[in-house]
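K.L.:
Let me give you the structure first, and then I'll get to my questions.
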Amino acid sequence: MTDAGFARPKGETFEYAGATVELLDAATVLAAARVNPVELLRRATWPEPVQRVDLTVSSADRPGGPVHTFAASISTAEEPLSKERIRKLVLGNDPVGLLLAKRIEAGDPIATRIVDNIGAAAAAAYKKLGLDRPAQPMTSREPGTLADAVVGLQAELTYDETGTVVRLHAEVPRDDVTPAHLQAFVGLTLQAVIELAGPESLTGRRYVVSRENVSKVPATTQTVTLDMVGGLADVVAELRQIAVSFRHPEAMARWGARRPQGLLMYGPPGTGKTMLSRALANEIGADFREIRTPEILDKWLGGSERNIKQIFRDARRYRVPTLMLFDEFDSIISYAGSGGDAASQAINAVAGIFKQEMNDLIEANPNVIVVATTNFPHRVDDSLIRSGRFDVKISVPKPDDASRAEIFRKMIQGLIAAHEAPGFQMFADDLDVGALATASHGMTGADIKEILRRVQLKKAMQDARTGGRVDPITTDELLGSVRELLGPR
């Protein structure tokens, strides 16, 4: 069996100044960095006074040839008064605050406006009281060099003008770079942290250096990222492009370019269109507002038209980046009928208002992007989704064998990260995701999630009956779940 058959992520674990560091799939990180910058350590926590560490691996062309660039930024400045921080200050943990937080999470525009308006006043008071003063600068230091003697890596060390950020930078010729260079640069970054926080500051801490940043908390629809998406490389690449255009309005303005205002995703049920929408919002760093059918359709004459006008009126007032999702778009905006009956007239009225509202949304509020998903694109009038309204149209197909293998691999890795612990192994070491992909021909990501759920449930029931004497999940057990879901053929 080739390495590609194993689902368990392969990594190197090393100790550094009392901290345990696990470096997962370093070769994959370096390969991915040839195409796009790869961010590492985004969710790690650090000892005081360090507030944040950003570590990026990328590629660049130099006169002497292409290189891999390693860059780290270590900040001692507190998080700025972002929208999230202000909301935390305003909401607190009292019952009213928790209720409002839930309403905001559900996308309630009224609750959002109330809290954000209060937050603006809180921010002003915060500044007036002097509580937003920047962190004290680090002791003044001259630029220098940190070096790793094992691989001969040298990193330039500089400080920004505020004295609250230290940066490391190193380059290695692309043909010479190895996982050992990445490990060395991680070590130099931790060395810089120690110089700020003290020699014992990392003792007992654990850091996972991974392109996918697999969380120890089970992934949910709310926390999914594009890195977690398996089997849709072309779709993910296009969504990353949209995210880049959204995150860099200054570049768009400089070239007079208009980023996409609307995105239509279509394909069979269960292929992950809604999940991709949420992942795009998280990639942008945008609020997520899902528009459900009952919020628009109304049995009373004129009610649906008023509802959709109100939704777009709210959208024009959003002060932060927001992704608006019209899920199951065909059930909200049906094909514009040409008949003269009351039902066709109502459909045409809703569709007409939607077209009008989309026409100038991006000029009214460039912070908003509209995403529509549908399983039945033929039910949507072409005029609704023409370019200028929905500039990007992406087909999300059922996964092929290679894509299903990737989906199995990423889902299983997520479960391993979330549930395995010392003394408990959830999956066998020799899982063959290639065999699973072949056996699950024609299945979607939702089907694969159900395959895993069924095996997990069976194992949990065995655990309950035997008091924990249960072996890890094997390839054969997963293949049995595949056959069970496929049913008689």
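K.L.:
Do the conditions hold for GLU477, that is, is it acidic (Asp, Glu), farther than 17 Å from LEU431 by Cβ and surrounded by 13 or more Cβ atoms within 10 Å (Cβ to Cβ)?
P.N.:
Judged against the criteria, GLU477 is not a match.
K.L.:
Can you pull out every residue in region 244-266 that is surrounded by fewer than 21 Cβ atoms within 10 Å (Cβ to Cβ) and not charged (D, E, K, R)?
P.N.:
Result: VAL244, SER245, HIS248, PRO249, ALA251, MET252, ALA253, TRP255, GLY256, ALA257, PRO260.
K.L.:
Does ALA147 fit the bill of being of a type in the set (A, V, I, L, M, F, W, C), assigned to a helix (DSSP H, G or I) and assigned by TED's automatic domain parsing to the domain that holds ALA19?
P.N.:
Answer is no for this residue.
Conditions tested, residue by residue: (1) surrounded by fewer than 19 Cβ atoms within 10 Å (Cβ to Cβ); (2) at pLDDT 85 or above; (3) assigned by TED's automatic domain parsing to the domain that holds GLY434; (4) among the charged types (D, E, K, R).
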{"site": "GLY5", "(1), (2), (3), (4)": "yes, no, no, no"}
{"site": "LEU23", "(1), (2), (3), (4)": "no, yes, no, no"}
{"site": "ALA27", "(1), (2), (3), (4)": "yes, no, no, no"}
{"site": "LEU30", "(1), (2), (3), (4)": "no, yes, no, no"}
{"site": "VAL38", "(1), (2), (3), (4)": "no, no, no, no"}
{"site": "ARG42", "(1), (2), (3), (4)": "yes, no, no, yes"}
{"site": "THR45", "(1), (2), (3), (4)": "yes, no, no, no"}
{"site": "LEU55", "(1), (2), (3), (4)": "no, yes, no, no"}
{"site": "ALA60", "(1), (2), (3), (4)": "yes, yes, no, no"}
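K.L.:
Looking at this structure, is GLU328 touching a helix residue (DSSP H, G or I) at 6+ places or on another chain (Cβ under 9 Å), acidic (Asp, Glu) and over 30 Å from GLY442 (Cα atoms)?
P.N.:
Against the criterion (touching a helix residue (DSSP H, G or I) at 6+ places or on another chain (Cβ under 9 Å), acidic (Asp, Glu) and over 30 Å from GLY442 (Cα atoms)), GLU328 does not qualify.
For (1) out of contact with any helix residue (DSSP H, G or I) (no Cβ under 8 Å at 6 or more places or on another chain); (2) β-branched (Val, Ile, Thr); (3) part of a loop (DSSP other than H, G, I, E, B); (4) outside the structural domain of SER245 (by TED's automatic domain parsing), each residue gets a yes or a no:
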position	(1), (2), (3), (4)
ALA281	yes, no, no, no
ARG289	no, no, no, no
PRO294	yes, no, no, no
LYS299	yes, no, yes, no
SER304	no, no, no, no
GLN310	yes, no, no, no
ARG313	yes, no, no, no
ARG319	no, no, yes, no
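K.L.:
Find the residue count for region 303-350, including only residues that are at pLDDT 75 or above and farther than 21 Å from ASP360 by Cα.
P.N.:
Going through region 303-350 one residue at a time, the tally reaches 5.
K.L.:
Restricting attention to region 415-470, which residues are charged (D, E, K, R) and either touching a strand residue (DSSP E or B) at 6+ places or on another chain (Cβ under 7 Å) or buried (at least 18 other Cβ atoms within 10 Å of the Cβ) (or both)?
P.N.:
Hits for region 415-470 are ASP432, ASP447, LYS459.
The values are calculated or read from the model by the stated rules, or taken from the named source; none is laboratory data. Because the structure is predicted, anything quoted here is derived from the model rather than measured. A quick note on method: Cβ atoms are made from the backbone with ideal geometry, for glycine too, and the neighbour counts reach across all protein chains shown.
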